[in-house]
Amino acid sequence: MKLNRSNAIGVYIFVKTILMTLEKFKIAIKDKTFRSSVGDFIYRFIPENTLQVNGNMANSVHYSIGGNDDEFIFNHNNLFGSEPYIIEVNTTNTGLFQLTLKTQFTNVLKDIWTQV
């Protein structure tokens, strides 16, 4: 279990990595909203394969999630640059999803999204 510090001072959230199939993950994130740990961004996965940014349909992109059941590859239509992200799925002690996003080729941690 990893220990991540939330944005609130002195509050810690225990995070546990979970395993699920690619198809279950796609279903699980549908219509879910996530807050970015970098900047003041809110992301919502809306059907079908649209990622809405900050509640504005004008700020949306089409995305795809592929890969296999061990590694989810998030193709974000150049919203975050040209390199796809690898998504690591975690769950918090409150039962919400937390997505760790790393670049696919350079393996650089880019962001952590927590379900709201």
Filter the range 21-71 down to residues that are loosely packed, with under 14 Cβ neighbours inside 10 Å and in contact with a helix residue (DSSP H, G or I) (Cβ under 7 Å, 6 or more places away or on another chain) and give me whichever is modelled with the lowest pLDDT. Asp69
What are the residues in the range 88-116 that are of a type in the set (S, T, N, Q) and either in a strand (DSSP E or B) or under 15 Å from Phe41 (Cβ atoms) (or both), if any? Asn90, Thr91, Thr92, Gln98, Thr100, Thr103, Thr114, Gln115
Give all pairs with beta carbons closer than 8 Å in which a residue from the range 88-99 that is within 23 Å of Ile73 (Cβ to Cβ) meets a residue that is basic (Lys, Arg) and surrounded by 14 or more Cβ atoms within 10 Å (Cβ to Cβ); count only pairs at least 6 apart in sequence or on separate chains. Glu88/Lys102; Phe97/Lys32
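Here is a yes/no grid of residues against (1) in contact with a Ser or Thr (Cβ under 6 Å, 6 or more places away or on another chain); (2) crowded, with 17+ Cβ neighbours inside 10 Å; (3) at pLDDT below 95; (4) not aromatic (Phe, Trp, Tyr):
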| residue | (1), (2), (3), (4) |
| --- | --- |
| Gly81 | no, no, yes, yes |
| Leu109 | no, no, no, yes |
| Ile112 | yes, yes, no, yes |
| Gln115 | no, yes, no, yes |
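The values are calculated or read from the model by the stated rules, or taken from the named source; none is laboratory data. This is a predicted model, so every value here is computed, not measured. Because the Cβ atoms are built from the backbone with ideal geometry, glycine has one as well, and the counts that use them run over all protein chains shown.
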